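Notes for the one structure printed next.
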Amino acid sequence: AIDIRGLLRDTGYITLDSGYMNTGSCESTITYLDGEQGILRYRGYDIVDLAENCLFVEVAYLLLTGELPTYDELEKFKFDMGKYALIHEDMIHFFDHFPPHASPMSILSTMVGSLHDFYPEMDLDEDPYGGITTTTARLLSKIRTIAAFSYKKNMGHPLVYPRANLSYCANFLNMMFDRPNMPYKIEPVLVAALNKLLILHADHEQNCSTSTVRLVGSAGVRLYPSISAGISALWGPLHGGANVAVIRMLERILADNRSYDKYIALAKDPDSPFRLSGFGHRVYRTYDPRAAIIKQVCHDVLASLDITDPLLEVAMELEERVANDEYFQSRNLYPNVDFYSGIIYRAMGIPTNMFTVMFALGRLPGWIAHWQEMNSDKESSRIGRPRQVYQGIVHRPFVPLEARS
Ligand code: ACO
């Protein structure tokens, strides 16, 4: 690493790195990512092992405290997730005042930001776990209630309150789909799939939304509004919003007589803005390790629930054609985390416009861990303030209004 600050001081040079292709914004001990080899580890543990063996709350604990919980610690943390699941009743009125088809992402970002006012964030917060304060535990639990309530309001169905005897993922699915006179049957295979999906999304070092959380937080903004900003960044179709764009794209290809080559050609056309959603990644030069697991989960879920989804066929065929195409090969464009996840969410009954909300639920522990890391490290908590290379006119004599033509 080069001492960029020294370069500025000694030479006056500013590094121009639009898109931050090669700019490290901080030092971090949370997530290790090797994009050449397709390795992703949280706090040193491989995501393959974590996804196979852990609960999402266990991984959240790991990201936030640096260590996997003991049995007792995990039990206490699960208990707290149940304890904090309700949201202030006054917040429920918020839902009534969004327009009927409001985006679940705008609802989520608004409601998470407003938690700051309903649950004042304290400087001397209780921190029984060494890394998970009351403030963070509340957010982790309440975000899932907010997400499920926004769906119920959108559907016009009565709210289903969280149940303390259900696991994190089962509780969420129950709040989403249980209805009066139509009790929801919690399918273990869906709970397990959701658990894996959330784990695989839980952190990904300095991606756009995490960098946003850090940047906003670096100005001294508290946790809840910083996370609200991260949710907005995630919304973009080049980032978390790609999971929605993938399904729309697969539906389009299916409706267009499966004309794969037409869409592949369009994605390769330098004059067209169209891209194959769910392909490519800033860091990975090989298959995204998360996508490999998610693809397998997708097959397992559909097979065990005996669901045939034509979009899975379309996705697999598209992937195969792309894999044999020189354009995509030469640019190392492989399926990313968003390519197969939506097909699993569809099997769960989650509507397409909520897919990015699901991503946010998963990414939350990572965002919080980074916000905490930034605040605990004096060096990296310096306010984020990039420079620019000014290319405009440096000075012009002022022209009064009456003299302008
Ligand atoms: N379809 C077609 N071409 C692509 C794609 C794609 N999905 N992705 C990249 N390319 C091409 C670019 O056109 C460019 O070609 P060129 O060298 O001829 O100009 C080359 O590959 C490199 O692409 P960049 O845009 O420079 O790569 P960058 O690292 O800036 O972008 C990104 C990464 C945003 C993920 C990009 O691959 C993309 O837009 N993918 C589709 C959207 C998507 O799936 N986003 C989710 C990413 S994962 C996540 O955020 C959770």
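Taken together, the values in this text are just the output of simple stated rules run on the coordinates, not laboratory data. All figures in this text were calculated on a predicted structure; none of them were measured in a lab. Don't worry about glycine lacking a Cβ; one is built from the backbone with ideal geometry, like all the others, and counts go over all protein chains shown.
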Computed log₁₀ I(q)/I(0) - Debye formula, equal Cα scatterers, no solvent, the stretch 1-51, q 0.27, 0.31 Å⁻¹: -1.07, -1.18
Under a straight-distance cross-link criterion of Cα-Cα below 18 Å, which aspartates and glutamates are reachable from K83, leaving out those fewer than 8 residues away in the same chain? E58, D72, E73, E75, E121, D125, E126, D127
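Beyond a 32 Å Cα-Cα separation, which of these cross-linked pairs lie in this structure: K153/K185; K262/K295; K142/K268? Mind dumping the intermediate values first?
On the way: K153/K185 21 Å; K262/K295 24 Å; K142/K268 43 Å.
Check vs 32 Å cut-off fails for K142/K268.
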Size of the dipole of the stretch 272-405 about the Cα centre, Lys and Arg at +1 and Asp and Glu at -1 on the beta carbon, nothing else charged, in debye to 20? 980
Which one, I343, M374, H157, projects farthest toward the positive side of the charge dipole computed for the chain from Cβ point charges (K/R +1, D/E -1)? H157
Spacing of the two label points (7 Å from each Cα toward its C-beta) at K268 and A292, in nm: 2.7
Dipole size in debye (nearest 20) for the chain around its Cα centre, Lys and Arg Cβ +1, Asp and Glu Cβ -1? 1000
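Let me check against my output: what whole-number percent is the relative contact order of the stretch 108-243, with C-alpha pairs under 8 Å and at least 6 apart? Walk me through the intermediate numbers first.
On the way: 113 pairs, mean separation 38.4, N = 136.
Relative contact order of the stretch 108-243: 28 percent.
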Gap separating the Cα centres of the stretch 144-191 and the stretch 321-378, nearest whole Å: 23
Nearest-20 debye value, the stretch 93-240 charge dipole, Cβ charges on Lys, Arg, Asp, Glu: 560
Which whole-number percent gives the relative contact order of the chain, counting Cα pairs below 8 Å spaced six or more residues apart? 22
Among T31, T212, T15, which one shows the highest mean-square fluctuation when the chain is modelled as a Gaussian network with alpha-carbon springs under 10 Å? T15
Specify whether the C-alpha gyration tensor of the chain places it in the rounded, prolate or oblate class, a ≥ b ≥ c being the square roots of the eigenvalues: rounded for a/c under 1.5, otherwise prolate if a/b is larger than b/c and oblate if not. rounded
